[in-house]
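Accompanying notes for the structure given below.
Derivation of every value follows stated rules applied to the coordinates shown; laboratory data play no part. This is a predicted model, so every value here is computed, not measured. Quick reminder, even Gly has a Cβ in these numbers, built from the backbone with ideal geometry, and neighbours come from all protein chains shown.
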Amino acid sequence: MKVVLLGPPGSGKGTQGAVLAEHFHVRHLSTGDLLRRNITEGTEIGRLAAPYVERGELVPDDLMMQMTGAAVLDAAAEGGYVLDGFPRTLAQAEAAYEFAKPADVTADAVVYFALPDDVARERLSARASAGRSDDADGDVIERRLQVFHEQTEPLLDFYRNRGILVTVDATPPPAQVTRAMLDAMRSLGSD
Ligand code: AMP
């Protein structure tokens, strides 16, 4: 199973991604986590990405492809992936498709976690104490929401046109969202 998760910050992609990966016995690849690890470890990718992550901007597409491409192929070779946080721009989605097509590892399903901005703001502020600097600053939160609407939302049509998009209301408690997500994937024939 090869799944892409889309949704604004705070929509539960990380939580649901972990559940999905366990459900399908595939690897959970979170590009936000990968970037934070690179930043903490002081790698070249981390050094280049840090200023963008801190401001709530998107890391440039070529750097994201460099970091994500091989990891996706590796995971797919082992049975699949849950890709959480990538792609986030149309250019990334198109590049990822071209990259994955020859190896026959393009996504089978895309789950969109829909969440109103107000709920996202509340959740991000609430988890700021968990230590993420990009959750602790109101301006950065606003920028991440704006970036989502401007740059990531257009991907919904891209995947809708491919017939692999399912939408899940991300407002209810996590267990309820999990049930809705698995139901929606079944209806797509992906479970
Ligand atoms: P996340 O943990 O998914 O909210 O990601 C945290 C931050 O990492 C984002 O605000 C971006 O700065 C960066 N990031 C994660 N994934 C991507 C991506 N696919 N493209 C560009 N930037 C990304």
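Kindly put GLU94, GLU44 in sequence by how many other C-beta atoms sit within 10 Å of each C-beta, fewest to most.
GLU44, GLU94
Treat the count of other C-beta atoms within 10 Å as a stand-in for reagent exposure and order PHE99, PHE86 from fewest to most.
Ranking PHE99, PHE86 by Cβ neighbours within 10 Å, fewest first, gives PHE99, PHE86.
Which helices pass in the chain if a helix is a full DSSP H run, must span at least 24 angstrom along its long axis by Cα, and must have mean Kyte-Doolittle hydropathy not below 1.6?
Once both thresholds are applied, nothing remains.
Would you order TYR52, TYR81 from fewest to most other beta-carbon atoms within 10 Å of each residue's own beta-carbon? Each step should come with its number before you reach the end.
On the way: TYR52 14, TYR81 27.
Fewest-to-most Cβ neighbours within 10 Å comes out as TYR52, TYR81.
For a test of the definition: using alpha carbon positions, the gyration tensor, and the 1.5 limit on a/c, classify segment 135-180 as rounded, prolate or oblate.
Oblate.
Could you work out the pair-distance distribution P(r) of the chain from its alpha-carbon pairs, with 5 angstrom bin width and percents rounded to whole numbers?
Reading the bins upward from 0: 1, 8, 16, 21, 22, 17, 10, 3, 0.
Mind listing which trypsin sites (Lys or Arg not before Pro) in segment 32-104 are in a DSSP loop and have 14 or fewer other Cβ atoms within 10 Å?
Values: sites: ARG36, ARG37, ARG47, ARG55, ARG88; in loops: ARG88.
Passing both the DSSP loop test and the Cβ count: no residue.
Quantify how much of the Cα-Cα distance distribution of segment 54-142 extends past 16 Å, in percent.
Roughly 63 percent, once rounded to a whole number.
Just to confirm a number: summing +1 for Lys and Arg and -1 for Asp and Glu over residues other than TYR97 whose beta-carbon lies under 15 angstrom from that of TYR97, what do you get?
For residues surrounding TYR97, the net value is -1.
When only C-alpha pairs under 8 Å and at least 6 residues apart count, what is the relative contact order of the chain, in percent?
32 percent
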